[in-house]
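Before any comments, here is the structure.
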Amino acid sequence: MVQSLQGIGMTSLRTRERMIKRLSEQGIKNTKILETLRSTPRHIFVDEALASRAYEDVALPIGYNQTISQPYIVAKMTELLIKSPQHHLKKVLEIGTGSGYQTAVLAQLVDHVYSIERILPLQRKAKSYLWDLKLKNISFMYGDGGVGWADYAPFDGILVSAAPSQIPNTLLQQLAIGGVLVIPVGMAGKQVLQRVTRISDDSYDIEQFDSVIFVPFLSGKE
Ligand code: SAH
């Protein structure tokens, strides 16, 4: 592990700098988020064979037909969730741990992350990478994120990394008043990144952002 943490050395430092520059050119403004992306080693979350491509702005395969989201999407979703450098989130629910990269980013920016994954071997790998990075403010659940995580609700933020055809009602119910849900919604090829803010018990504000391509949000577990 130590070897892969240091791994690609200077190359990774230079390419990381380039990634941050690109993200700010693409409109990411929150400096706390940019700093976190600069210091988080994305290459440890992908297979060694792909590590040299870890800082390119592409999604990469992580096995089991899943992908690690491209850096721009991770940055954009994080920026939609954490509305400003002053916006402090205590509890955030993440659905689709996948490689654990987005989890690592969130764990450095909020008090606690609750992360659900439906594919057990992916969850196991993610847990070990996050442990190596000494990120301890994360609770993991193996299961179907469609039912949320009632034990710890309500959440100040919910971030979903897979696309359902419509927003699951349970997730809306598990948002705190003032809480924010960031989620790609739509059928394959026609997904849009949405931000839902809970205004009161029964009213929600919905904003639409980029067109995106995500793996489908599936029910049950594997
Ligand atoms: N943010 C992750 C994205 C991984 S891809 C990363 O950058 O690595 C999306 C993940 O969502 C996959 O691991 C997939 O198994 C998971 N997923 C899809 N539907 C889910 C559901 N209903 N509950 C939990 N996880 C789900």
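The values are calculated or read from the model by the stated rules, or taken from the named source; none is laboratory data. As the structure is a computational prediction, the values presented were derived from the model and not from experiment. So basically every Cβ, Gly included, is an ideal-geometry build from the backbone, and we count neighbours across all protein chains shown. Remember, those area values only see protein heavy atoms, side chains included, never the ligands or the DNA or RNA. Shrake-Rupley method; radii C 1.70, N 1.55, O 1.52, S 1.80 Å.
Of note:
- Residues within region 87-112 that are more than 10 Å from the ligand (Cβ to nearest atom) and either without any contact (Cβ under 8 Å) to a residue 40 or more places away in the chain or among the polar types (S, T, N, Q) (or both), tallied: 6
- Subset of region 155-180 (residues that are open to solvent by 30 Å² or more (accessible area, probe 1.4 Å) and hydroxyl-bearing (Ser, Thr, Tyr)): Ser165, Thr170
- Number of the exception - Arg42 against (1) exposed (fewer than 14 other Cβ atoms within 10 Å of the Cβ); (2) touching a residue at least 40 places away in the same chain (Cβ under 8 Å); (3) not aromatic (Phe, Trp, Tyr): (1)
- Considering residues of region 56-75 that are open to solvent by 10 Å² or more (accessible area, probe 1.4 Å) and closer than 16 Å to Thr40 by Cα only, the residue nearest to the ligand (Cβ to nearest atom): Ser69
- Summed over region 42-55, the residues that are within 14 Å of the ligand (Cβ to nearest atom) and touching a Gly at 6+ places or on another chain (Cβ under 9 Å) give a count of 4.
- Options Ser84, Ser115, Ser128, Ser139: the member that is of a type in the set (S, T, N, Q) and within 12 Å of the ligand (Cβ to nearest atom): Ser115
- The criterion of at least 2 residues that are of a type in the set (Gly, Ala, Ser), more than 22 Å from Lys221 (Cα to Cα) and modelled with pLDDT under 95 is met by none of the helices (runs of 4 or more DSSP H) wholly inside region 85-190.
- Subset of region 190-216 (residues that are under 20 Å from Tyr72 (Cα atoms) and either within 16 Å of the ligand (Cβ to nearest atom) or open to solvent by 90 Å² or more (accessible area, probe 1.4 Å) (or both)): Lys190, Gln191, Leu193, Gln208, Asp210, Ser211, Val212, Ile213, Phe214, Val215, Pro216
- Filtered residues of region 140-154 (kept if open to solvent by less than 30 Å² (accessible area, probe 1.4 Å) and touching a helix residue (DSSP H, G or I) at 6+ places or on another chain (Cβ under 9 Å)): Gly145, Gly146, Gly148
- The residue list Leu159, Leu181 contains one member that is more than 12 Å from the ligand (Cβ to nearest atom), hydrophobic (A, V, I, L, M, F, W, C) and under 23 Å from Ser84 (Cβ atoms), which is Leu181.
- Complete set of residues in region 118-154 that are within 15 Å of the chain's Cα centre (by Cα) and under 15 Å from Leu171 (Cα atoms): Gly145
- Reported count of residues in region 45-73, each being among the aromatic types (Phe, Trp, Tyr) and without any contact (Cβ under 8 Å) to a residue 12 or more places away in the chain, is 0.
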